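Reviewing the structure listed below.
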Amino acid sequence: MVTLPYPLRLTPKHHLSFFTPEESFNILGMLQSPMVLMMGITGLLVLAVPYLMKNMDPETLKEFQDQQQKMTKMQSNMDLSSGLSNLLSGGTASQADADASKASAKGKKQSGKRR
């Protein structure tokens with residue numbers, strides 16, 4: 001059995017630095033942040049869209065306004081299934097679809113009353 005003197009005296013081979021120096025302010029690093037990039041692109045779009053709308057072809061402008069009206073109607077209806085089908089079909093829902101959705105809504109209300 002080997003006995004060692006107490007306390008043990010150990011010497012380091014080299015010095016380790018556990019602390020890193022604080023980084024200085026870097027404006028380029030801040031501009032490369034994804035959040036700042038998204039904010040900048042959104043700001044540019046807010047400024048650029050009115051100019052694009054002024055220079056738009058009258059037919060294209062009418063189509064765009066029609067599409068906006070369809071989206072407004074869909075949001076005001078709050079019926080996602082028929083609103084989404086209207087949006088994807090590019091037209092208005094047929095009367096049969098509207099009657100079917102009303103009938104299913106009535107059936108749900110009546111079944112709720114029976115319970």
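Past the 14 angstrom mark, what percentage of all C-alpha to C-alpha distances in the stretch 4-50 do you count? Before the final figure, lay out each step's value.
Working: 804 of 1081 pairs.
The calculated P(r) of the stretch 4-50 puts 74 percent of pairs beyond 14 Å.
I need the calculated FRET efficiency for the pair GLU63 and THR42, taking r as the beta carbon distance and R₀ as 35 Å, to the nearest 0.05. Efficiency computed from Cβ-Cβ geometry: 0.90.
Roughly what would the spin-label model give for TYR51 and ILE27, points 7 Å off Cα along C-beta, in nm? Reported label-point gap for TYR51 and ILE27 is 2.3 nm. Comparing MET35, HIS15, GLN65 along the charge dipole axis of the stretch 1-68, the residue lying farthest to the positive side is HIS15, per the Cβ-charge model.
Bear in mind that the values in this text are calculations on the coordinates, not laboratory data. Owing to the predicted nature of the structure, the values given are computational and were not obtained by experimental measurement. As a convention, Cβ positions derive from the backbone with ideal geometry for all residues, glycine included, and neighbour counts pool all protein chains shown.
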